[in-house]
Amino acid sequence: MLSEFWLQKLDGFKQLNLIPDFPRPPHFDYSGRDISLELARETTNDLKALAKAVNVSLYSLLAGAFCLMLSNFTN
């Protein structure tokens, strides 16, 4: 099995005990904020038409655009 392979391969190595950069809080709060954005009807229709033309959902089109934007900002 694959797990047995890695157990044998890593046998003899020390386990890393990495110190976190910041202390973890005793209770996590997963609440977030909402960000609202309104697009003009014409822009929405154009985005829907583009999504249909490339045969993807509107969500996929917007998620891809967001990833491209992040990639551009982070080089």
Log entry, pairs with first residue in region 43-59 being in contact (Cβ under 8 Å) with a residue 12 or more places away in the chain, second being surrounded by fewer than 11 Cβ atoms within 10 Å (Cβ to Cβ) and assigned to a loop (DSSP other than H, G, I, E, B), beta carbons closer than 9 Å, six or more apart or on different chains, reads Leu47/Leu39
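Kindly indicate whether Asp21 is exposed (fewer than 10 other Cβ atoms within 10 Å of the Cβ) and either part of a helix (DSSP H, G or I) or not β-branched (Val, Ile, Thr) (or both). Steps first, please.
On the way: exposed (fewer than 10 other Cβ atoms within 10 Å of the Cβ): yes; either part of a helix (DSSP H, G or I) or not β-branched (Val, Ile, Thr) (or both): yes.
Yes; evaluated as a whole, the condition is true for this residue.
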Which of the residues belonging to region 32-75 are β-branched (Val, Ile, Thr) and either surrounded by fewer than 10 Cβ atoms within 10 Å (Cβ to Cβ) or in a loop (DSSP other than H, G, I, E, B) (or both)?
-> Ile35, Val54, Val56, Thr74
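The numbers here are math on the coordinates, done by the rules we state, and not lab data. The structure displayed is predicted, hence computed values, not measured ones. Neighbour counts run over all protein chains shown; Cβ positions are idealised from the backbone, glycine included.
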